[in-house]
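Encoded as structure tokens, the structure appears first; notes follow it.
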Amino acid sequence: MLRTVFLEPPVFRGDYHPSRIEPLGGNAMLNCEVRGNPPPTIQWSKEGVGIQISKRIRQLNNGSLAIYGTVNEDAGDYKCVATNDAGVVERSLTLTLQSPPVITIEPAQTTVEAGATAMLNCQASGEPPPAIRWSRQGHPLVSNDRVTVLPNGSLHIIAAQKEDTSEYECVARNLMGSVLVRVPLTVQVHGGFSDWLEWQPCSVTCGQGVQERARRCNNPLPANGGRPCEGPDTDVRSCHNKPCPVDGNWSEWGLWEECSKSCGEGNRTRTRTCSNPPAQRGGKPCNGSAVDFIMCKVGPCPVNGNWGPWQTWSQCSASCGGGEQTRTRLCRNPAPLYHGHPCLGDSSQISRCNNQACPGGPSRAQGSIIGSINNIEFGIAFLNVTVTDSLNSESRVIQAKITSIPRSLGPALRKLVSILSPVYWTTAKEIGEAMNGFTLTDAIFKRETQVEFATGEVLRVTHIARGLDSDGALLLDVVVNGHVLQLQPLANVNMKDYTEDYIQIGPGQLYAHSTRLFAVDGVSVPYTWNHTITYDHTKGKMPFLVETLHASSITTEYNPLEETLAFKIHASISKGDHSNQCPAGFEFDSSGPYCTDEDECAVQNPCSHTCHNAMGSYHCSCPRGLTIAADGRMCQDVDECALGRHSCHTDQDCENSAGSYHCVLRCRTGFRRAADGLSCQDINECQESNSCHQHCFNTIGSFHCGCDPGYQPKGRKCIDINECRQNVCRPNQFCKNTRGGYKCIELCPNGMTKAENGTCIDINECRDGTHQCHYSQICENMRGSYRCVCPRGYRSQGVGRPCMDIDECEARDTCQHECRNTLGSYQCACPSGYHLMPNGKTCQDIDECLEHDTDCGASQMCFNMRGSYQCIETPCPPNYQREPLSGFCLKNCPANDLECALSTYALEYKFVSLPFGIAAGQDLIRLVAFTQDQVMHPRTTFLMADEEPTIPFALRDENLKGVVFSTRPLQEPKTYRMRIRALSYGVDGNIEYQTTFIVYIAVSAYPY
């Protein structure tokens, strides 16, 4: 059975609108309802490219294209193609997306000076391009010759005036809305002076005064922070009237004069004059006295002192040897009072008494020392001595000081203190029947002394004792001449105890001798001396032939600052060990008896050559060319050649002979005398005494050493030459020194090594482990070197030092929400409900409704909020049917239901998610009422269905749309619900459509 099928080509249904205008960010419905048989297949394309269907762009069952959340890229030319077996039909339309104005260049607060040009820049973008209008405090600006709006929207004001200071508004407006920005303009006016006013009257009626005049800073007044007037606002000049009378005035009081009396009561006066100023031109004279008096009392008058009578003499301080006695008087006849003069003269007198000498010698001595020592004249030195008994009375203590001793001689004289002064013999403690010098001679004698040091120095001293003075002091003069052993100033001199034997060698003649030691820094130095003493023979002789003087506890000290030499000696004298026998070198003379000198030379002939007799001794001498031997008797040859005592010429040699020498021909170095002694012949050192290291070459009179190549002489040795120090190899070679030569070895640069084939290859320090990198650093090999780097996120502190983590979170803009530093890196974290963008820094809201495909049920819609989502109850009233894709509740009235027909056409749910911190006055959503044909109704007004004063939003009509805007800053995370009603009117003025919008606005806790 055949069936007849009627084919119907595709035919579009409904009205056709070639263009559609939608707000940016809203939903767009592109109609393409087609009928046909069979049902046509519908394909959408944009700009010739097929549309990719997604969750945001969907094709409805009736063929229409629904675009949710439009973006700029959605605008353009679309084509709908319907195809079935009966034909093809297509329809094109243009989608235009409109956006509200956005200020791109915002005017800045501006301050200009009066008369200058002000420019307030204001530019905006939007679709359609917005128009810019300027107003001042809400009133539109009218352009004139001075105030104009430039084509780019900026406000241009020339010759700015004070009155231009105000707040200006730049309003950018298009079909999608408007935006307003306010900017203050300040015109500063600098102050200017007015003309000077008239001079004021003179300040005085007589004499010289001043006049003033003023001007004001009001031409113009400074305004709006302008500078004040520069310069003075007053002017002063002098003015003259008749001279004024001058009253007299006292000067300051003068100083008080001295009291009229120097003691007792008197008067003091002071004066002043009428001169400050004097009275002039009829002025009044000074009033009062020109003189002032006061009484003065200086004090009692002084009383001068006067002496009373002398008192009796005191007892003499010593019974012999000279003492002192005193007497005194008092200044009490009368005593001085009140600063009177004291008595004139001495209050005491001293007189010498009992000047006769004490037994055993005087207690004091004084004298002078002159002469030269070591060729140094020391002028006159003064000797002062005191003599006292020792504590045990076994000796007498002689303490002396010699002044004016030059510093160059002071140290040397410390060892001669007893020789310089014979006081120790004169005043020595007498033991038994022995006599000291004072008892024997009455302190009148002459002593000749000769001192011989072991080092060869000889000193001669003459002492003259002249008895006692009137005070009982021994008078002594000393003359010295010769040389002494020189000592260092800081040398420690220690004087040894010693004895002297005094021998009676004739009437009025004594001979004494001694050998003595002194220690210098611990080293003993011997020296000897002898005395020859002569005195008045009528004084008698010693009770013994020989008396011995004992000197002990000798101390010396030289003070270089005072140039004084002080010493102390304990001395006593007693009979000799063999007091009535003559010592060796003397023979007994019974006529005295005396001890006379023995002539050893005549009796014993002890010397090998010449004998010389001396007091108590003898000495031997030798002829020229010989010298005395160690035994002091025999003579031995003197080697004049060795001692340099010959007279040979410089070209001669000295040859010693017994008792003499002779001069012979001298040969130069390298020569020797011939056998005949008359000529010189060369010495071949290479054969006789070869001291060369490698080669010896004899020359006339000398020789020289030679070395092999590669060696150089150093003295008589050959040392290797280090040719490498002379840069003998090329720069790219290594020089190796060898004995007698060198080798040049080809080198590789640093970081390179020589391969087996001789070429230089890189050393991989990183692989060989020879690098200095820290274990936390990465070693990167380079040709000839390497480098130590740190991984990303670490900072290098230098080669071999550990890498230090970089805290990227210290930078403010590292992360949008939260930065967490990690070793070598960092992590950005986002709050719940956000995910991290691919750039790893910024956070993006998770659209749980789309991405999680959240199913809220039949009567709920999924409301995506920033950081979360919410299922909102969106029930459709009775007689309304939910459009499955848009979720709108559309009216579906039964036939002939008039009440339903007059009710709201559509119920739309709008959801807006906003970030935290939206400012006041910002447009948030634009509501559009459509007809049943999805065309924006041309006559619609919008109103809030329920006014709530707590919500921070308001509504205004603008270009047939309802604009919801913020009334205060959104600084509280919260979800708001509003009901807005749109009334669309027909041409006749009656309500044609009613649309209710349920608007949910969610404010996030974050500004993103």
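In summary, Pro623 fulfils each of the numbered conditions (1) loosely packed, with under 14 Cβ neighbours inside 10 Å; (2) free of Cβ contacts under 8 Å to residues at least 24 places away in the same chain with the single exception of condition (2).
Just one of Asp720, Asp682 is farther than 30 Å from Ile763 by Cβ and either exposed (fewer than 12 other Cβ atoms within 10 Å of the Cβ) or under 57 Å from the mean Cα position of the chain (by Cα) (or both); which is it?
Exactly one of Asp720, Asp682 is farther than 30 Å from Ile763 by Cβ and either exposed (fewer than 12 other Cβ atoms within 10 Å of the Cβ) or under 57 Å from the mean Cα position of the chain (by Cα) (or both), namely Asp720.
Listed here are the residues, each with its yes/no results for (1) at pLDDT below 85; (2) outside any strand (DSSP E or B).
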| site | (1), (2) |
| --- | --- |
| Glu324 | yes, no |
| Asn333 | no, yes |
| His339 | yes, yes |
| Cys343 | no, yes |
| Asp346 | no, yes |
| Cys358 | yes, yes |
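Answer with yes or no whether Ile925 is in contact with a strand residue (DSSP E or B) (Cβ under 8 Å, 6 or more places away or on another chain), at pLDDT 75 or above and more than 28 Å from Leu836 (Cβ to Cβ). Taking the combined requirement at face value, the residue satisfies it.
Of the set (1) touching a Lys or Arg at 6+ places or on another chain (Cβ under 7 Å); (2) under 30 Å from Ser1004 (Cα atoms); (3) not in a strand (DSSP E or B), all apply to Cys828 but (3). Is it fair to say Lys55 is assigned to a loop (DSSP other than H, G, I, E, B) and either farther than 22 Å from Leu960 by Cα or hydroxyl-bearing (Ser, Thr, Tyr) (or both)? So Lys55 passes the test.
Would you confirm whether or not segment 526-534 contains a residue that is in contact with a Gly (Cβ under 7 Å, 6 or more places away or on another chain), surrounded by fewer than 20 Cβ atoms within 10 Å (Cβ to Cβ) and modelled with pLDDT of 85 or more? There is at least one residue in segment 526-534 that is in contact with a Gly (Cβ under 7 Å, 6 or more places away or on another chain), surrounded by fewer than 20 Cβ atoms within 10 Å (Cβ to Cβ) and modelled with pLDDT of 85 or more. Flag set for Glu106, criterion: among the charged types (D, E, K, R) and under 21 Å from Thr165 (Cβ atoms). Total residues in segment 956-988 satisfying the condition of being buried (at least 17 other Cβ atoms within 10 Å of the Cβ) and on the phi > 0 side of the Ramachandran plot: the figure is 1. Taken over segment 61-104, the criterion of being among the hydrophobic types (A, V, I, L, M, F, W, C), in a strand (DSSP E or B) and under 25 Å from Glu47 (Cβ atoms) is satisfied by Leu65, Ala66, Ile67, Cys80, Val81, Ala82, Val88, Val89, Leu93, Leu95, Leu97.
Suppose the filter is within 28 Å of Ser574 (Cα to Cα), in the same structural domain as Thr528 (by TED's automatic domain parsing), among the hydroxyl-bearing types (Ser, Thr, Tyr) and buried (at least 20 other Cβ atoms within 10 Å of the Cβ); does Thr462 pass it? Please lay out each step first, then the result.
Values: within 28 Å of Ser574 (Cα to Cα): yes; in the same structural domain as Thr528 (by TED's automatic domain parsing): yes; among the hydroxyl-bearing types (Ser, Thr, Tyr): yes; buried (at least 20 other Cβ atoms within 10 Å of the Cβ): no.
When the stated conditions are applied, Thr462 does not pass them.
When Ser275, Ser260 are checked against the criterion of being among the hydroxyl-bearing types (Ser, Thr, Tyr) and more than 30 Å from Gly209 (Cβ to Cβ), a single residue qualifies: Ser260. Cβ-Cβ contacts under 9 Å between residues 6 or more apart (or on different chains), taken from a first residue in segment 429-453 that is over 21 Å from Ser393 (Cα atoms) to a second residue that is among the acidic types (Asp, Glu), are listed as Thr441/Asp536; Asp442/Asp536; Ile444/Asp536; Phe445/Asp536; Val451/Glu457.
Listed conditions (1) without any contact (Cβ under 8 Å) to a residue 40 or more places away in the chain; (2) polar (S, T, N, Q); (3) under 30 Å from Ile505 (Cα atoms) are all met by Thr650, apart from (3).
Looking only at segment 105-134, count every residue that is assigned to a strand (DSSP E or B) and loosely packed, with under 13 Cβ neighbours inside 10 Å and tell me the total. It would help to see each step written out before you state the result.
Quick first cut of segment 105-134, residues assigned to a strand (DSSP E or B) only: 105, 110-113, 118-120, 123-127, 131-134.
Retained after the next criterion (residues that are loosely packed, with under 13 Cβ neighbours inside 10 Å): none.
Going through segment 105-134 one residue at a time, the tally reaches 0.
Looking at segment 138-162, which of the residues that are under 22 Å from Gly126 (Cα atoms) and touching a His at 6+ places or on another chain (Cβ under 9 Å) is surrounded by the fewest Cβ atoms within 10 Å (Cβ to Cβ)? Only one residue fits best here, namely Leu150. Residues in segment 724-757 that are under 29 Å from Asn781 (Cα atoms), surrounded by fewer than 11 Cβ atoms within 10 Å (Cβ to Cβ) and in contact (Cβ under 8 Å) with a residue 24 or more places away in the chain: Asn750 only. Looking only at residues of segment 775-819 that are touching a Phe, Trp or Tyr at 6+ places or on another chain (Cβ under 8 Å) and among the β-branched types (Val, Ile, Thr), we find that the one that is surrounded by the most Cβ atoms within 10 Å (Cβ to Cβ) is Ile806.
All of (1) part of a strand (DSSP E or B); (2) farther than 28 Å from Ser390 by Cβ hold for Asn580 with one exception: (1).
If you scan segment 55-105, which residues turn out to be of a type in the set (A, V, I, L, M) and within 60 Å of the chain's Cα centre (by Cα)? Lay out the reasoning, then the answer.
Step one: list which residues in segment 55-105 are of a type in the set (A, V, I, L, M), which gives 57, 60, 65-67, 71, 75, 81-82, 86, 88-89, 93, 95, 97, 102-103, 105.
Passing the criteria: Val102, Ile103, Ile105.
Scanning segment 641-658 for residues that are surrounded by 15 or more Cβ atoms within 10 Å (Cβ to Cβ) and not in a strand (DSSP E or B) turns up Cys641, His646, Cys648. Name the residue that is farthest from the chain's Cα centre (by Cα), counting only residues in segment 8-28 that are at pLDDT 80 or above and of a type in the set (A, V, I, L, M). The extreme case among them is Val11.
Only residues that are over 30 Å from Ser470 (Cβ atoms) and not basic (Lys, Arg) were counted in segment 275-328, giving 30. As a summary of the residue check, Tyr993 satisfies the conditions (1) among the hydroxyl-bearing types (Ser, Thr, Tyr); (2) crowded, with 18+ Cβ neighbours inside 10 Å; (3) at pLDDT 85 or above except for the one numbered (3).
Could you list, in sequence order, the residues of segment 600-627 that are in a strand (DSSP E or B) and touching a Ser or Thr at 6+ places or on another chain (Cβ under 7 Å)?
As a first pass, look at segment 600-627 and keep what is in a strand (DSSP E or B): 610-614, 617-621, 626-627.
Listed by number, the residues that qualify are Thr610, His612, Cys620, Ser621.
Whether any residue in segment 537-552 is touching a Pro at 6+ places or on another chain (Cβ under 6 Å), within 25 Å of Phe445 (Cβ to Cβ), at pLDDT 90 or above and not acidic (Asp, Glu) is what I want to check. Break it down stepwise before answering.
Residues of segment 537-552 touching a Pro at 6+ places or on another chain (Cβ under 6 Å): 537.
Adding the requirement that they be within 25 Å of Phe445 (Cβ to Cβ) leaves 537.
Pick out the ones that are also at pLDDT 90 or above and you get 537.
Retained after the next criterion (residues that are not acidic (Asp, Glu)): 537.
Scanning segment 537-552 turns up at least one residue that is touching a Pro at 6+ places or on another chain (Cβ under 6 Å), within 25 Å of Phe445 (Cβ to Cβ), at pLDDT 90 or above and not acidic (Asp, Glu).
Of the set (1) in the same structural domain as Cys779 (by TED's automatic domain parsing); (2) modelled with pLDDT under 85; (3) touching a Cys at 6+ places or on another chain (Cβ under 9 Å); (4) of a type outside the set (S, T, N, Q), all apply to Gly758 but (3).
The values are calculated or read from the model by the stated rules, or taken from the named source; none is laboratory data. Values in this document were obtained by computation on a predicted structure and should not be read as measured data. All Cβ positions, even for glycine, are placed from backbone atoms using ideal geometry, and neighbour counts span all protein chains on display.
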